[in-house]
Amino acid sequence: MRSTLTDIAREAGVSSATVDRVLNNRNGVKERTREVVIETAKRLGYLAGSGLTLVSPQNRIRLDFVLPAGTNTFIANLLAQIERQAARQHELDVHIHSIEGFNPDTLARTLHELQGKTLGVGVIALDHPTVREAMRNLAASGVSIVTLASDILHVPRIGYIGIDNRAAGRLAGYLLGRFLGGGIKHKVALFAGSLSYRGHEEREMGFRHILGEDFPNLEIVELREIRDDRERAYEEAISLLKRHPDLSGIYNIGAGNQGIGQALIESNRAGQIIFIGHELTDHNKAFLLDGTLDAVIDQNPRVEAREALAMLSRAIRGLPMDYHPPRLQVIFRENIPES
């Protein structure tokens, strides 16, 4: 395992804050203390051995983020937030890789290729054996890993940055049940990006559980996987509406609201079918305002980017982390926040 700032501080007989100042070439440290810290860091392999100088002005902390490509606006917003916030932290050298998000072999290969190049990785990962093994190998090489938006269990990640997805699914079911009311039987349908994402699977689980507990009058007639693609979402929604002219509600677990909303509008069903989705994107704001969407369950990409960068960089430095997770927030037409 790679040594940390805490190890250096203990061996050098100084505080972690002093070590941080020395390795970041900041003022306020006596020259002799600076020499002792640098010598200790070299001896422990912190500044040598791997070929990387972890925290010096010349060689910044390299972090890599592996995110799915495609038409998912939330992912695009998260990517933009990571870039924007990293640009303000000059000690970080951040690289973003946009890959085919539903191909586990592509994801696993990308993770393997990062060994020896990076110190920390943030990843939105499929829960698949090849991906889990790639993450284990990456962590064994000394790389810190955080999962983003969708967690994976039983892998050596240092943390998960994201909402409680099971709670999000329960919240969606509660909203849909309250909108539709009790007593009368109603047909509802689910859309998901891919249940290979644990986050999407957990949302479905939470949704089904609360319907079984509190809203037995709601019948799930279909679940369609749309790979977070708006065109596929549109085609599947058009087909769904033709098969179920008496459909009462839709819950979209992932992305693709733009395609579903377009299908509802073209079929003259917008405002008739209760539609619950995720993420407060520009398109979803417009759908809330015109009544196509009834509610959006939002997680904040700005907070997730901030927490991911902080968790990785502080773990690499050996500093403690006070994690502030993003909160679930329900947005209606009447409480759309300012951008």
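The values are calculated or read from the model by the stated rules, or taken from the named source; none is laboratory data. Remember, it's a predicted structure, so these values are computed and weren't measured experimentally. Using ideal geometry, Cβ is built from the backbone for each residue, glycine included, and neighbour counts are taken over all protein chains shown. These area figures cover heavy atoms from the full protein model, side chains too; ligands, DNA and RNA do not enter into them. Shrake-Rupley method; radii C 1.70, N 1.55, O 1.52, S 1.80 Å.
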Percent of accessible area on the chain owned by carbon and sulfur, 1.4 Å probe?
-> 47 percent
Taking the dipole about the Cα centre of region 65-170, with the C-beta of Lys and Arg at +1 and of Asp and Glu at -1, give me whichever of GLY159, SER98, LEU126 is farthest to the positive side.
-> GLY159
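Filter the trypsin sites (Lys or Arg not before Pro) in region 95-160 down to the DSSP loop ones having no more than 15 other Cβ atoms within 10 Å, then list what survives.
Values: sites: ARG109, LYS117, ARG132, ARG136, ARG157; in loops: LYS117, ARG157.
The qualifying sites are LYS117.
Determine the percent antiparallel among the DSSP beta bridges restricted to the chain, to the nearest 5. Please report the intermediate quantities before stating the final value.
Values: 3 of 41 bridges.
Here the antiparallel bridges make up roughly 5 percent for the chain.
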Between region 266-333 and region 203-263, the Cα center-to-center distance that results, in Å = 18 Å
Which whole-Hz ³J(HN,Hα) couplings does region 103-116 yield from phi under the Karplus relation 6.51 cos²θ - 1.76 cosθ + 1.60, θ = phi - 60°, glycine and proline marked x?
-> 10, x, 5, 5, 5, 4, 5, 4, 5, 4, 5, 7, 4, x
Quick calc: nm separation of the 7 Å Cα→Cβ label points for ASN103 and PHE179 -> 3.6 nm
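For region 1-151, with only Lys/Arg (+1) and Asp/Glu (-1) charged at the beta-carbon, what is the dipole magnitude about the Cα centre, in debye rounded to 20? Walk me through the numbers before you get to the answer.
Values: 17 positive and 16 negative charges, 122 e Å.
Roughly 580 debye for region 1-151.
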Determine the relative contact order of the chain: mean sequence separation of Cα pairs under 8 Å and six or more apart, normalised by residue count, in whole percent.
-> 16 percent
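Could you work out the percent of alpha carbon pairs in region 1-158 separated by over 18 Å, rounded to a whole number? Can you show the working numbers first?
Numbers: 7733 of 12403 pairs.
I get 62 percent for the Cα pairs in region 1-158 exceeding 18 Å.
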Among VAL37, GLN115, SER267, whose Cα sits farthest toward the positive end of the charge dipole of the chain (+1 at Cβ of Lys/Arg, -1 at Cβ of Asp/Glu, about the Cα centre)?
-> VAL37
Pulled fully out, how much extra length does the chain show between ARG34 and GLN329, if you take 0.36 nm times their separation in residues and subtract their Cα-Cα distance?
-> 101.5 nm
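From the Cα gyration tensor of the chain, with a ≥ b ≥ c the square roots of its eigenvalues, which class applies: rounded if a/c is under 1.5, or else prolate if a/b is larger than b/c, or else oblate?
Details: a/c = 2.74, a/b = 2.45, b/c = 1.12.
Prolate is the answer for the chain, as a/c is 1.5 or above and a/b outweighs b/c.
Considering lysine pairs in the chain that are 8 or more places apart or on different chains, how many have Cα atoms under 23 Å apart?
Taking the chain as the scope, the lysine pair count is 4.
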Say each of GLU219 and ARG26 gets a label point 7 Å from the Cα, pointing the same way as Cα to Cβ; how far apart are those two points in nm?
-> 6.4 nm
How many nm separate the modelled label positions at ASN137 and ASP322, each set 7 Å beyond the Cα in the direction of the Cβ?
-> 4.0 nm
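Gain in length, GLN272 to ARG243, computed as 0.36 nm per residue apart minus the alpha-carbon separation, to one decimal in nm?
Working: separation 29, 0.36 × 29 = 10.44 nm, distance 1.62 nm.
Taking GLN272 through ARG243 to full extension adds about 8.8 nm, to one decimal.
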